[in-house]
Amino acid sequence: PDSSSGSDSDDAYDPSHGQSQPKQHLSDSERKELLELKAELEKSIADLEENIAQVDREKRALQEAHNSRVQRLEQDELVWKEQQTEIRQEIQDVQELQTHQQQQQQQ
């Protein structure tokens, strides 16, 4: 059943008058034109629904890529912090060694 075709009764509701009025009888060419317009509208709706689905798929893919990049950056940050700590420790070790060598030279 096609719910967009309206009721099967011969009377159409006219909101401007608030009452039912007899349907205008359409010629075959008018009926054909309306059916063609209806088919075009249905195709446009289907195209729009496909476009929406495509945008949703692309949005999901972008979100996943973004999340992946954020995760990589957070991992990189942890690695850099570890390296920074190691470098600071090496600097401290070298400074202590230099201080120790200077003390030995002074003696």
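The values are calculated or read from the model by the stated rules, or taken from the named source; none is laboratory data. Remember, predicted model here, so these are calculated numbers, not experimental data. Glycine gets a Cβ as well: all are built from the backbone with ideal geometry, and neighbour counts include every protein chain shown. Areas reflect the complete protein model, heavy atoms only, side chains present, ligands, DNA and RNA absent. Shrake-Rupley method; radii C 1.70, N 1.55, O 1.52, S 1.80 Å.
For the range 48-107, what is the accessible area per residue in Å² when the probe is 1.4 Å? Let's see the in-between values first.
Details: 5940 Å² over 60 residues.
Here the per-residue accessible area is 99 Å².
With q set to 0.13, 0.30 Å⁻¹, the log10 of I(q)/I(0) for the range 48-107, from the Debye formula over equal scatterers at the Cα positions, is -0.61, -1.05. At the residue level, residue 31 shows approximately 110 square angstrom of accessible surface with a 1.4 angstrom probe and all protein chains present.
Surface composition of the range 65-107: carbon plus sulfur atoms hold 47% of the accessible area, using a 1.4 angstrom probe and ignoring ligands, DNA and RNA. Phi angles across the range 76-93 convert, under the Karplus curve 6.51 cos²θ - 1.76 cosθ + 1.60 with θ = phi - 60°, into 3J(HN,Hα) values of 4, 4, 4, 4, 5, 5, 4, 5, 4, 4, 4, 5, 4, 5, 4, 4, 4, 4 Hz, Gly and Pro given as x. Spacing of the modelled spin labels on residue 48 and residue 75, each 7 Å from Cα toward Cβ, amounts to 4.3 nm. Spin-label model, residue 58/residue 38: points 7 Å from Cα along the beta carbon direction are separated by 3.4 nm.
Surface calculation, 1.4 Å probe, protein heavy atoms: residue 37 sits at approximately 80 Å² accessible.
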